[in-house]
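Shown next, in structure tokens, is the structure this report addresses.
The values are calculated or read from the model by the stated rules, or taken from the named source; none is laboratory data. Since this is a predicted model, take the numbers as computed values, not measurements. Cβ placement follows ideal geometry from the backbone for every residue including glycine, while neighbour counts extend to all protein chains displayed. Only protein heavy atoms, including side chains, enter the accessible area calculation; ligands, DNA and RNA are left aside. Shrake-Rupley method; radii C 1.70, N 1.55, O 1.52, S 1.80 Å.
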Amino acid sequence: MLLTKEITNELRNIFVARSIQRNGETESHTEYFFNEPIDENVKEKFRNLGMEVDDYYYEWLAYCLDDYASRLEDYVGEPIEDVPFDEINDSILSDLEPEVYTYELLQWISSNLNRMGYVDEVLIDEFEYLTKDNKNLSYLLMAGQLKEMSEVYELGFQFVQWFLETKDN
């Protein structure tokens, strides 16, 4: 099957961003949702991959699918089996960047207490490499966020391959 612009657009439109302002809040913020109507098989696939319902996961998955769709556009008109998925995955992962502002990092870690585990893993895995330049809480939070973000993107990569396989059938 040939990769088409319609397939990349469909991939890009699985999630939708909405500006939300809750009662009592002075500023709005963006939240990500499944675009409706969406095939129930798509939602089920995300659940089967182990994706939890989480604002950060949805946001990162939306970015991942958008990045992927953008890179797939270079291969429109070519057979899907000729698309260099591993190369695209590596390229997307190498471009990932965590938040840099302390406030945003603290929002991330406080949104789910399990996220402390990512920071703990970084501390354990990189302890011997910490120097006076990166031996601080901000670095640990950024590295922890990047670790979690990479895991979520890996789920996104698995989803993209499944999605393209279903289009091929």
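Of all residues being of a type in the set (D, E, K, R) and under 20 Å from residue 135 (Cβ atoms) in the range 114-123, which is surrounded by the most Cβ atoms within 10 Å (Cβ to Cβ)? Just the residue, please. Working first, answer last.
Looking only at the range 114-123, we keep the residues that are of a type in the set (D, E, K, R), and these are 115, 120-121.
Filter once more, so that each one left must be under 20 Å from residue 135 (Cβ atoms): 120-121.
Values: 120: 12, 121: 14.
Among residues in the range 114-123 that are of a type in the set (D, E, K, R) and under 20 Å from residue 135 (Cβ atoms), the one surrounded by the most Cβ atoms within 10 Å (Cβ to Cβ) is 121.
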Residues of the range 98-113 being open to solvent by 50 Å² or more (accessible area, probe 1.4 Å), over 16 Å from the mean Cα position of the chain (by Cα) and of a type outside the set (A, V, I, L, M), which ones?
-> 101, 102, 103, 104, 107, 110, 111
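Specify which of the listed residues (14, 38) is closer than 17 Å to residue 167 by Cβ, over 17 Å from the mean Cα position of the chain (by Cα) and open to solvent by less than 90 Å² (accessible area, probe 1.4 Å). Even if it seems obvious, please write down each step before you answer.
Details: 14 fails: over 17 Å from the mean Cα position of the chain (by Cα).
Residue meeting the stated conditions: 38.
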On the given criteria, is residue 73 more than 16 Å from residue 15 (Cβ to Cβ), in a loop (DSSP other than H, G, I, E, B) and of a type outside the set (Val, Ile, Thr)?
-> no
Selection within the range 76-97 - farther than 16 Å from residue 154 by Cα and either under 10 Å from the mean Cα position of the chain (by Cα) or open to solvent by less than 50 Å² (accessible area, probe 1.4 Å) (or both) = 77, 79, 80, 83
Enumeration of residues in the range 45-75 that are open to solvent by less than 30 Å² (accessible area, probe 1.4 Å), among the aliphatic types (A, V, I, L, M) and farther than 19 Å from residue 166 by Cβ = 62
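Every residue, every condition in (1) over 24 Å from residue 80 (Cα atoms); (2) within 20 Å of the chain's Cα centre (by Cα); (3) not in a helix (DSSP H, G or I), yes or no:
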position: 18; (1), (2), (3): yes, yes, yes
position: 25; (1), (2), (3): yes, no, yes
position: 30; (1), (2), (3): yes, yes, yes
position: 42; (1), (2), (3): no, yes, no
position: 47; (1), (2), (3): yes, yes, no
position: 51; (1), (2), (3): yes, yes, yes
position: 59; (1), (2), (3): yes, yes, no
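Which one of these is among the hydroxyl-bearing types (Ser, Thr, Tyr), touching a Phe, Trp or Tyr at 6+ places or on another chain (Cβ under 9 Å) and under 29 Å from residue 20 (Cα atoms): 118, 63?
Details: 118 fails: touching a Phe, Trp or Tyr at 6+ places or on another chain (Cβ under 9 Å).
Only one candidate passes the filter, namely 63.
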